[in-house]
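Notes follow the structure.
The values are calculated or read from the model by the stated rules, or taken from the named source; none is laboratory data. In this text, all values refer to a predicted model and were calculated from it rather than measured experimentally. Heads up, the Cβs are rebuilt from the backbone with ideal geometry, glycines too, and the neighbour counts pull from every protein chain shown. Side chains are part of the model used for accessible areas, which takes the heavy atoms of the whole protein and leaves out ligands, DNA and RNA. Shrake-Rupley method; radii C 1.70, N 1.55, O 1.52, S 1.80 Å.
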Amino acid sequence: MRIHGDAVRVGVHSGQQYTTFAEALKLWRTAEELGYDWVSLFDHFRPPMGGPAGPCFEGMSLLSALAARTSRIRCAVLVSAVTWRHPALAAAAAATIDHVSDGRLEFGMGAAGADLAYGQYGIPFPSAGTRLDMLDEACRVMRALWTGGPATFAGQHFRLEDAHLQPRPLQQRLPLVIGGEGERRMLRIVAEHADIWNTLAGTPDTYRHKVRKLAEHAAVVGRDPGTIRQSVTFRAILAEDERQALERKERLLERVGPDSPVWPEYLVFGTPEQCVERLRPYLDLGVRDFLLGARPPVDWQTLDLFARHVAPALRAHPAG
């Protein structure tokens, strides 16, 4: 059975490139007030999109603080890099935040991507293959600690010996989100370990291909792919009419430039109705979590229009 069933959820992927805690808290509380189901931070220290000296709060400690100051919305990290912490430490932090949030945590893991902290702080950045090996082992370590003990594990990168984690998470099964889309290794790890699979939306045709590849890996490991909840992240600029949305797109173009890495994340520049039409193919492909990117400076108009007009249309879509 898929975690959270077939209900459609809408969320905000907020990031934390702020200079004050109050700014981050405002977004999280606003998302909760607007009726979003889910809100997340990322786990970068020095994200490239902010430049070498840009602001960025530490993700895990900020997540705990924000979880303590919200009451209903699901709280997540999307995703924690396997290079930052031993997975036993990540498992312990996740269990603690699950208690702080009264059982609202969804914990994301990934194989780590570009981050200026590796160079600035001298943190090792292994090859992609090594990081994927580390991710596979980390998922095993974390689940073993979350579900019981004592746990013993002997991997190439991580080891446990009669290891305990108390208190365990409040949730009987703490949802493990895995972010990534590499067809050969990453989707195999998703098939084996993930409760929720997250990736950028991309195009429907590209996403359909990834879903097929995930199903192939699931068959190899003996798992029903229908038990893996599908989640996509994207960005949008919404307005009451398309002309206003395109004008705001032009202002964004002036600010970030045409070569900015943010552009592939944008799925629509238009009205809420156009946004619904762009997202319907993903519903038909099995997506049940739609996560709207809202990095600072926050686009409050899009956040509001998505909650009031797009989210109800997505939630009304029949399961299937």
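At-a-glance table
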{"quantity": "Rounded percent of accessible protein surface that carbon and sulfur make up, the chain, 1.4 Å probe", "calculated": "53"}
{"quantity": "Nonlocal amide H pairs with Ser80, under 5 Å, H built at 1.01 Å", "calculated": "Gly108, Met109, Gly110"}
{"quantity": "Counted charge near Gly5, where neighbours are those whose Cβ lies closer than 11 Å (Asp, Glu -1; Lys, Arg +1)", "calculated": "+3"}
{"quantity": "For Phe45, net neighbour charge (Lys/Arg +1, Asp/Glu -1) across residues whose Cβ lies under 13 Å away", "calculated": "-1"}
{"quantity": "Karplus-derived 3J(HN,Hα), 6.51/-1.76/1.60, for each residue of the range 262-268, Hz, glycine and proline x", "calculated": "6, 4, x, 6, 7, 9, 7"}
{"quantity": "Segment His164-Ala22, extension gain: residue separation times 0.36 nm, minus the distance between their alpha carbons", "calculated": "47.5 nm"}
{"quantity": "Unit charges on C-beta of K, R, D, E only; dipole of the range 9-316, Debye", "calculated": "380"}
{"quantity": "Fraction of antiparallel bridges per DSSP, the range 9-316 only, in percent to nearest 5", "calculated": "5"}
